[in-house]
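Chemist: Attaching a single structure in structure tokens format; questions to follow.
The values are calculated or read from the model by the stated rules, or taken from the named source; none is laboratory data. Just so it is clear, the model here is predicted, and its values are computed rather than measured. All Cβ positions, glycine included, derive from the backbone under ideal geometry; neighbour counts span all protein chains shown.
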Amino acid sequence: FDAAEYAKELRSHWTSEGGDASYALLTRAFVLANATTSRIKIVDTLVNFIRALIEGDPSSLLPAVWLATNSISPPYDELELGLGGSAISKALKKIYGLDSQGLKILYDKHGDAGDVAFEAKKRQAFTLVKPKPLKIKGVYQSLMKIAMSKGTGSQETKQRIVERLLQDTRGAEESRYIVRTLVQNLRIGAVKTTMLIALARAFLYSKPAGAEFAVRPQELTRLKKDELAETYNNAEEIVKASYARHPNYNDLVPCLLEIGVTEELLVRCGLALHIPLRPMLGSITRDLSEMLTKLQARDFSCEFKYDGQRAQVHCDEQGKVSIFSRHLELMTEKYPDLVALVPQIRGEGVSSFILEGEVVAVDQQSGDLQPFQVLTNRAKKNVDIGAITVNVCLFSFDLMYLNGEPLLDRSLRERRELLRSLFVEIPNRFTWVKSLDATSADSEAVLDFFKSATDVKCEGIMVKVLDNAAKPTNDTNAEPTEAHEATPKQKSTRRKALLSTYEPDKRLESWLKVKKDYSTSSDTLDLIPVAGWHGQGRKAKWWSPILLAVRNPETGSLEAVTKCMSGFTDKFYQTNTAKYAEGSTNVISRPSYIEYPGSPDVWFHPQEVWEMAFADITLSPTYPAAMGLVSDERGLSLRFPRFLRVREDKSIEEASSSDYLALLWRKQMEKKAAVSSHADDEVD
Ligand code: ATP
């Protein structure tokens, strides 16, 4: 892969009519990114593409970034294309002169709408009038128009725009990527982090006219390998940190074009009210003892891990409130009751803030926690505060911003102290997560706390490091030391691993999840992987989730029992995706002997057995496994399925049967009945 050659090639695709970069330029980048699984090459491809725009047509960079990340706006903007599959099919038929039968044949053969468009465009009769080339800006504007058209007649408007786009594509590849963009499945493996890394590196080498370089590109070429890696890493950390605090390319890209990659970016494009930051995440641990080993010599806070919905509450000086979900969607309209609480919880001296907590359905009188299912009964939009049937309580656990000042760099102990001293509890509506401060010496108290959490139906506990400075320790295993071979990236991750600062979008060891599900069921099942879906985000290039089935020895069919996306390593995902590559003999068309009502993206030729752990077995309206054995209308499914290993020693004839699954279900029900009657005895 020769980056310089590629840059030259890109320029040959440049159509500079009116200074606008052509969509062909972007398509070329997509084709190259799609042709490789190497992350480095994908990044290089994007870097060169971005550089070409920075230097040649900076005004196309922002729309190009949206298109390359397969989105049109940040998640909290609520703009959606709102195109059904039928709009695309209709347009494909009309523009490429296909009839329904012809289209169906192509779909059956390729499965992917973009690949169908590619074939159809290739076969299209030669047209005399060559369309004007599509431009990056123009395509993005068309998508915006589709998203913005609302109300009567909007479907027709959207349809017209889609047809126009297909009509104007100049080659089959352009058609493929326009359609993949429209169905929002670009499949080029350029996930969010890839784009941020590419932006950071591109701005190290290129700058728009008038801007300053932080490090001159000539100097970069003189750096030693590890110095260059350090420079890349610093730039990437800045861009990633900015995006984690302020996830909106509409602000990030113009700012980069103006000042390049400098620390200033974090000030200009950092934490801001009414823009959700990406939440800090917890790492999973097997059980309490693993957690205690990991956090040796540290003070930590154990908190109930409530089973509800994460909420980020923003309030400005004027009292305007926004509430965001874990995935940064705006949900202010879902919780008008929380919005109404804000003036009461905001204690004296609090003018503006961003706090975080878990919204849980509760019984208003007793305050008893209700299962997550109860919360799902609440509508997503336009909830009428006068007619609320599902009562909720916000259990707050963090404070990230207060009175105009970001608190991310403060320790958890300090943030928690501010939260609990400046805000006001309202029984059963706004309170703090239940917590216990401990060290690894307090294992019994921690176990009791864990039990008290699971007793009230919490999912387990979250364990968080309280202070930044580690206590001196004689245990050499306690703190990861910086091995001299560590890369700059590893070093930086390690430095942060046990800090108690709030690290947006990071999954570090300073927040650990201990769930009851992983410590309960000791039974495992041997299941057959039968199908997969295209992964999302980081997993876009892999099959994830994967559908698994049990064997029905009576009928010979395989009955789907669960989808799994947990327990796999990246390496495993890679191998699995290569094994079941589209077009290979391991991939088949929908087999009649697999029972499953849904439509996975790919069907595997059943041939192996995987051992799976799970939390428990549930009755399911969707999965047909063991249907008729425990219920006539419902099958059985697994909660929290987790891949353990491939059973090399088993053929699919030896996979778990539907009878065995039903047997485990009965065993589980008996156990549950015994536990609850024992509990009744104690009450008596
Ligand atoms: P993740 O959010 O870590 O990607 P996930 O979506 O699978 O993983 P879980 O493993 O169930 O979620 O755990 C994390 C979630 O637990 C948080 O996103 C938050 O919604 C919830 N939660 C409940 N109680 C707490 C708490 N005390 N502190 C932090 N998060 C909590």
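Chemist: I'm trying to understand the selection: among the residues of the range 366-386, which are polar (S, T, N, Q) and away from the ligand (no atom under 16 Å from the Cβ)?
Modeler: Ser366, Asn377, Asn382
Chemist: Of the numbered conditions (1) more than 19 Å from the chain's Cα centre (by Cα); (2) small (Gly, Ala, Ser); (3) surrounded by 15 or more Cβ atoms within 10 Å (Cβ to Cβ), Gly532 fails exactly one; give the number of that condition.
Modeler: Of the numbered conditions (1) more than 19 Å from the chain's Cα centre (by Cα); (2) small (Gly, Ala, Ser); (3) surrounded by 15 or more Cβ atoms within 10 Å (Cβ to Cβ), the odd one out for Gly532 is (1).
The rows are residues; the columns are (1) in contact (Cβ under 8 Å) with a residue 12 or more places away in the chain; (2) closer than 26 Å to Ser38 by Cα; (3) of a type in the set (Ser, Thr, Tyr).
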{"position": "Pro133", "(1), (2), (3)": "yes, no, no"}
{"position": "Gln141", "(1), (2), (3)": "yes, no, no"}
{"position": "Glu163", "(1), (2), (3)": "yes, no, no"}
{"position": "Tyr177", "(1), (2), (3)": "yes, yes, yes"}
{"position": "Val183", "(1), (2), (3)": "yes, yes, no"}
{"position": "Arg187", "(1), (2), (3)": "yes, yes, no"}
{"position": "Phe203", "(1), (2), (3)": "yes, yes, no"}
{"position": "Ser206", "(1), (2), (3)": "yes, yes, yes"}
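Chemist: Identify all residues within the range 439-451 that are closer than 14 Å to Phe304 by Cβ and in contact (Cβ under 8 Å) with a residue 60 or more places away in the chain; write none if there are none.
Modeler: Step one: list which residues in the range 439-451 are closer than 14 Å to Phe304 by Cβ, which gives 446, 448-451.
Hits for the range 439-451 are Val446, Phe449, Phe450.
Chemist: Can you tell me which of Arg187, Arg176 is outside any loop (DSSP other than H, G, I, E, B) and among the basic types (Lys, Arg)?
Modeler: On the way: Arg187 fails: outside any loop (DSSP other than H, G, I, E, B).
Answer to the check: Arg176.
Chemist: How many residues, within the range 120-136, are in contact with a helix residue (DSSP H, G or I) (Cβ under 6 Å, 6 or more places away or on another chain), surrounded by fewer than 19 Cβ atoms within 10 Å (Cβ to Cβ) and in a helix (DSSP H, G or I)?
Modeler: The total comes to 1.
Chemist: Still on this structure, please answer the following. Is the range 397-419 home to any residue that is touching a helix residue (DSSP H, G or I) at 6+ places or on another chain (Cβ under 6 Å), within 16 Å of the ligand (Cβ to nearest atom) and farther than 29 Å from Ala241 by Cβ?
Modeler: no
Chemist: Kindly provide the set of residues from the range 628-645 that are more than 18 Å from Ser657 (Cα to Cα) and in a loop (DSSP other than H, G, I, E, B), ordered by number.
Modeler: Correct list: Glu633, Phe640.
Chemist: Something else now. Can you run down the residue pairs with Cβ atoms below 6 Å, 6 or more apart or on separate chains, where the first is in the range 262-288 and within 27 Å of Ser206 (Cβ to Cβ) and the partner is away from the ligand (no atom under 13 Å from the Cβ) and among the basic types (Lys, Arg)?
Modeler: Gly270/Arg245
Rundown of residues vs (1) assigned to a strand (DSSP E or B); (2) crowded, with 19+ Cβ neighbours inside 10 Å; (3) among the hydrophobic types (A, V, I, L, M, F, W, C); (4) away from the ligand (no atom under 16 Å from the Cβ), yes/no style:
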residue: Arg278; (1), (2), (3), (4): no, yes, no, no
residue: Ser283; (1), (2), (3), (4): yes, no, no, no
residue: His314; (1), (2), (3), (4): yes, yes, no, yes
residue: Gln364; (1), (2), (3), (4): no, no, no, yes
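Chemist: Of the conditions (1) within 14 Å of the ligand (Cβ to nearest atom); (2) outside any strand (DSSP E or B); (3) under 29 Å from the mean Cα position of the chain (by Cα), Gly357 fails just one. Which one is it?
Modeler: Only one criterion in (1) within 14 Å of the ligand (Cβ to nearest atom); (2) outside any strand (DSSP E or B); (3) under 29 Å from the mean Cα position of the chain (by Cα) is unmet by Gly357, namely (2).
Chemist: Out of everything in the range 285-309 that is within 15 Å of the ligand (Cβ to nearest atom) and either in contact with an Asp or Glu (Cβ under 6 Å, 6 or more places away or on another chain) or assigned to a helix (DSSP H, G or I) (or both), what residue ends up being modelled with the lowest pLDDT?
Modeler: Top of the filtered list is Met291.
Chemist: So, in the range 589-604, exactly how many residues are assigned to a strand (DSSP E or B) and surrounded by fewer than 16 Cβ atoms within 10 Å (Cβ to Cβ)? Talk me through it step by step, then tell me what you get.
Modeler: Taking the range 589-604 as the starting set, the residues that turn out to be assigned to a strand (DSSP E or B) are 594-595, 602-604.
Remaining after also requiring surrounded by fewer than 16 Cβ atoms within 10 Å (Cβ to Cβ): none.
Selection size over the range 589-604: 0.
Chemist: Now, a different point. Being in contact (Cβ under 8 Å) with a residue 12 or more places away in the chain and in contact with a strand residue (DSSP E or B) (Cβ under 6 Å, 6 or more places away or on another chain) is the requirement here; does Val433 meet it? Spell out how you get there, then give the answer.
Modeler: On the way: in contact (Cβ under 8 Å) with a residue 12 or more places away in the chain: yes; in contact with a strand residue (DSSP E or B) (Cβ under 6 Å, 6 or more places away or on another chain): yes.
So Val433 fits the description; yes.
Chemist: Inspect the range 108-123 for any residue being in contact with a Pro (Cβ under 7 Å, 6 or more places away or on another chain) and in contact (Cβ under 8 Å) with a residue 40 or more places away in the chain and give the result as yes or no. Walk me through it before giving the result.
Modeler: As a first pass, look at the range 108-123 and keep what is in contact with a Pro (Cβ under 7 Å, 6 or more places away or on another chain): none.
No, because not a single residue in the range 108-123 is in contact with a Pro (Cβ under 7 Å, 6 or more places away or on another chain) and in contact (Cβ under 8 Å) with a residue 40 or more places away in the chain.
Chemist: What number goes with the only condition from (1) surrounded by fewer than 17 Cβ atoms within 10 Å (Cβ to Cβ); (2) away from the ligand (no atom under 16 Å from the Cβ); (3) in a strand (DSSP E or B) that Gln318 does not pass?
Modeler: Just one mismatch for Gln318, condition (3).
Chemist: Applying the selection to the range 576-587, what residues are touching a strand residue (DSSP E or B) at 6+ places or on another chain (Cβ under 9 Å) and either without any contact (Cβ under 8 Å) to a residue 12 or more places away in the chain or surrounded by fewer than 16 Cβ atoms within 10 Å (Cβ to Cβ) (or both)? Spell out how you get there, then give the answer.
Modeler: Our first condition is that a residue be touching a strand residue (DSSP E or B) at 6+ places or on another chain (Cβ under 9 Å); within the range 576-587, this holds for 576-577, 579-582, 586-587.
Across the range 576-587, the qualifying residues are Lys579, Ala581, Glu582.
Chemist: Kindly establish whether Arg164 is among the basic types (Lys, Arg), at pLDDT 95 or above and in a helix (DSSP H, G or I).
Modeler: On the way: among the basic types (Lys, Arg): yes; at pLDDT 95 or above: yes; in a helix (DSSP H, G or I): yes.
Yes: the conditions hold for Arg164.
Chemist: May I ask you to list the residues in the range 535-587 that are in a strand (DSSP E or B) and touching a Pro at 6+ places or on another chain (Cβ under 8 Å)?
Modeler: Just the residues of the range 535-587 that are in a strand (DSSP E or B), to begin with: 543-551, 558-564, 587.
Once the filter is applied, which keeps residues that are in a strand (DSSP E or B) and touching a Pro at 6+ places or on another chain (Cβ under 8 Å), the range 535-587 yields Ile546, Leu547, Leu548, Ala549, Leu558, Glu559, Ala560, Thr562, Lys563, Cys564.
Chemist: Please go through the range 443-471 and give me each residue that is modelled with pLDDT under 90, surrounded by 13 or more Cβ atoms within 10 Å (Cβ to Cβ) and in a helix (DSSP H, G or I), ordered by number.
Modeler: Those that are modelled with pLDDT under 90, surrounded by 13 or more Cβ atoms within 10 Å (Cβ to Cβ) and in a helix (DSSP H, G or I): Ser443, Leu447.
Chemist: Yes or no: the range 331-352 includes at least one residue that is within 17 Å of Asp505 (Cβ to Cβ) and within 16 Å of the ligand (Cβ to nearest atom).
Modeler: Scanning the range 331-352 turns up no residue that is within 17 Å of Asp505 (Cβ to Cβ) and within 16 Å of the ligand (Cβ to nearest atom).
Chemist: Something else: Please count how many residues of the range 137-150 are assigned to a loop (DSSP other than H, G, I, E, B) and either at pLDDT below 90 or of a type in the set (D, E, K, R) (or both). First the steps, then the outcome.
Modeler: Step one: of the range 137-150, the residues assigned to a loop (DSSP other than H, G, I, E, B) are 149-150.
Now restrict to residues that are either at pLDDT below 90 or of a type in the set (D, E, K, R) (or both): 150.
Qualifying residue count for the region: 1.
Chemist: Okay, next question. Can you work out which of the residues in the range 43-52 that are among the aliphatic types (A, V, I, L, M) and at pLDDT 90 or above is surrounded by the fewest Cβ atoms within 10 Å (Cβ to Cβ)? Break it down stepwise before answering.
Modeler: Quick first cut of the range 43-52, residues among the aliphatic types (A, V, I, L, M) only: 43, 46-47, 50, 52.
Pick out the ones that are also at pLDDT 90 or above and you get 43, 46-47, 50.
On the way: Val43: 21, Leu46: 25, Val47: 23, Ile50: 26.
For the range 43-52, the residue satisfying everything is Val43.
Chemist: Of Ile323, Ile354, Ile388, Ile345, which residue is over 27 Å from Pro247 (Cβ atoms) and surrounded by 13 or more Cβ atoms within 10 Å (Cβ to Cβ)?
Modeler: On the way: Ile323 fails: over 27 Å from Pro247 (Cβ atoms); Ile354 fails: over 27 Å from Pro247 (Cβ atoms); Ile345 fails: over 27 Å from Pro247 (Cβ atoms).
The match here is Ile388.
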